[in-house]
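A short write-up of the structure that comes next.
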Amino acid sequence: MTRGPAMPMTAEALIERIRELQEQLEAELSRRREEFRYRLENGRVVFEEETRKAHRLLRVRLSRFLARTRPKEVLSAPVIYSLIVPFVILDIFVTVYHAICFPIYGIPKVRRRDHIRVDRHHLAYLNGMQKLNCVYCGYANGLISYVREIAGRTEAYWCPIKHASRVEGRHDHYHEFLEYGDGEGWHGGQVRPRRDLQDEE
């Protein structure tokens, strides 16, 4: 007996599949932690002493590192690091908004430490300049992730409508939004994304 064509997966089934894949990814990352001989203790990375010694031997001296750096990269460094000013301003404003408005709306707060991770400077095979770069990148990219989640939860509360065309890099709440053009759903269904958001807590 031949089987007919497979039924397409529903959005809910696809979301569940994504969650399963994320769990598999976490298991693989855990396996790699063992491979590279480190463990997490209270959120802090701890390497075996033998591994730390091997890492120190791999460190490139700062003078040699700077000698190998292209002049264009040196000249562009002030432009990159000047972004710390708008990043910090953004951080302050979004954090104040988050602290004041989320309790009023009943939206669960975003845990900052889930997004902003500054830990790569503990790696013994990085020199001082590389560690500084890693601190900067960890903060900047973590901040963008933190702000994105706050903005995503805000959007889920106030305007949970999908866009007419595809959007890259959608936040995790977007798939629960109402379809573009669903006017009837908007008047009766706006409450559901809010309830789902508040139930996450």
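The values are calculated or read from the model by the stated rules, or taken from the named source; none is laboratory data. All values derive from a computational prediction rather than experimental measurement. Positions of Cβ are backbone-derived with ideal geometry, glycine not excepted, and every protein chain shown enters the neighbour counts. All accessible areas refer to the heavy atoms of the entire protein, side chains included, with ligands and DNA or RNA removed. Shrake-Rupley method; radii C 1.70, N 1.55, O 1.52, S 1.80 Å.
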Counting every C-alpha pair in the range 83-137, the percent lying more than 15 Å apart is 62 percent
With every protein chain in place, the accessible area of HIS173 for a 1.4 Å probe, in Å² rounded to the nearest 10, comes to 20 Å²
Mean Cβ count within 10 Å, highest first, over the residues of peptides 61-74, 131-144 | 131-144, 61-74
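If r is the Cβ-Cβ distance from GLU176 to ARG31 and R0 is 45 Å, what FRET efficiency results, to the nearest 0.05? Provide the component values of the computation, followed by the final result.
Working: r = 32 Å, r/R0 = 0.72.
The computed FRET efficiency comes out at 0.90.
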Nearest 10 degrees, 0 to 90: what angle lies between the long axis of helix 11-35 and the longest principal axis of the chain (Cα atoms)?
-> 20 degrees
With runs of 4+ DSSP H residues as the only contributors, calculate the mean residue ellipticity of the chain at 222 nm using -39,500 (n - 2.57) per run, divided by the residue total and rounded to the nearest 500.
-> -20000 deg cm²/dmol
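Using Cα-Cα distances under 8 Å and only pairs 6 or more residues apart, what relative contact order does the chain have, in percent? Don't jump to the answer; show the numbers that get you there.
Working: 127 pairs, mean separation 33.2, N = 201.
RCO, the chain: 17 percent.
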Express the accessible area of the chain per residue in Å², computed with a 1.4 Å probe while the remaining protein chains stay in the model.
-> 75 Å²
Given a 1.4 Å probe and the protein chains all in place, what does the accessible area of TRP186 round to, in Å² to the nearest 10?
-> 70 Å²
Quickly work out the ARG113-to-ARG61 label distance, labels modelled 7 Å from Cα along the C-beta direction, and quote it in nm with one decimal.
-> 4.0 nm
Would you work out what percent of the accessible area of the chain, with all protein chains in place, is carbon or sulfur (probe 1.4 Å)?
-> 58 percent
Here, the range 30-121 modelled as identical Cα point scatterers in vacuum has Debye log10 I(q)/I(0) at q = 0.12, 0.18, 0.23 Å⁻¹ of -0.76, -1.03, -1.12
What angle do you read, to the nearest 10 degrees and between 0 and 90, between the alpha-carbon axis of helix 71-82 and the longest principal axis of the chain?
-> 50 degrees
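Where does the range 1-159 land on the Kirkwood hydrodynamic radius, alpha-carbon pairs, in angstrom? If you can, show how the numbers build up before the last one.
Working: mean 1/r = 0.0501 Å⁻¹.
This gives a value of 20.0 Å.
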Built amide H within the under 5 Å cut-off of LEU178, gap 5+ = ILE161, LYS162
Just reorder LEU58, LEU40, LEU197 by solvent-accessible area, largest first, 1.4 Å probe, all chains present.
-> LEU58, LEU40, LEU197
